[in-house]
Amino acid sequence: MKIKASIEKIPGGMMIVPLFLGALVNTFLPDFGKTFGSFTGALMSGALSILAVFYVCMGATIDLKATPQILKKGGALLGAKILTGAILAIVASQFIPNGYIDSGFFAGLSVLAIVAAVNDTNGGLYMALMGQFGKKEDVGAYSVMSLESGS
């Protein structure tokens with residue numbers, strides 16, 4: 001059985017397929033996580049334990065000598081995110097009144113909401129894609145990018 005090869009045919013499949021399977025388990029068996037104890041329960045009720053394992057495993061694949069390259073790539077990505085958000089905020093503020101849009105299809109939309117939505121980073125997906133298609137140093141660049149996201 002070539003399960004991993006089948007999952008890797010889907011872009012980001014190593015993240016998306018398990019998330020989808022987890023959503024199915026949580027939908028049809030909501031108390032399943034409590035069956036096996038504390039670690040499994042933590043995996044089913046929150047992402048902190050699996051994220052910790054994921055970060056340690058990804059970090060273990062990176063050579064410490066690659067730190068300058070990681071800082072360079074991460075800094076470039078961070079700068080691009082901040083610059084894109086700033087430009088988008090300036091452009092959006094020209095079209096959206098102070099506060100937010102009161103009525104119509106875009107009711108409730110604000111400049112802040114647009115910038116937050118466009119400028120957000122899904123770190124797990126980024127690291128999964130870079131781990132699959134990029135270099136090990138690309139995965140480490142997320143540590144610098146997360147300074148802006150706060151994740």
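Condition check: part of a loop (DSSP other than H, G, I, E, B) and not small (Gly, Ala, Ser). Does Pro68 satisfy that?
Taking the combined requirement at face value, the residue does not satisfy it.
Out of segment 62-81, which residues are surrounded by fewer than 11 Cβ atoms within 10 Å (Cβ to Cβ) and under 19 Å from the mean Cα position of the chain (by Cα)?
none
Among the numbered criteria (1) of a type in the set (S, T, N, Q); (2) under 19 Å from the mean Cα position of the chain (by Cα); (3) modelled with pLDDT under 80, which one does Ser103 miss?
Answer for Ser103: the failing condition is (2).
Yes/no matrix, rows are residues, columns are (1) in contact with a Leu (Cβ under 6 Å, 6 or more places away or on another chain); (2) at pLDDT 75 or above; (3) over 15 Å from Gly124 (Cβ atoms); (4) surrounded by 11 or more Cβ atoms within 10 Å (Cβ to Cβ):
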site	(1), (2), (3), (4)
Pro11	no, yes, no, yes
Pro18	no, yes, no, yes
Leu24	no, yes, yes, no
Phe32	no, yes, yes, yes
Gly37	no, no, yes, no
Leu43	no, no, no, yes
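The values are calculated or read from the model by the stated rules, or taken from the named source; none is laboratory data. Keep in mind it's a predicted model, so treat the numbers as computed, not measured. Note: ideal-geometry Cβ built from the backbone for every residue, glycine included; neighbour counts use all protein chains shown.
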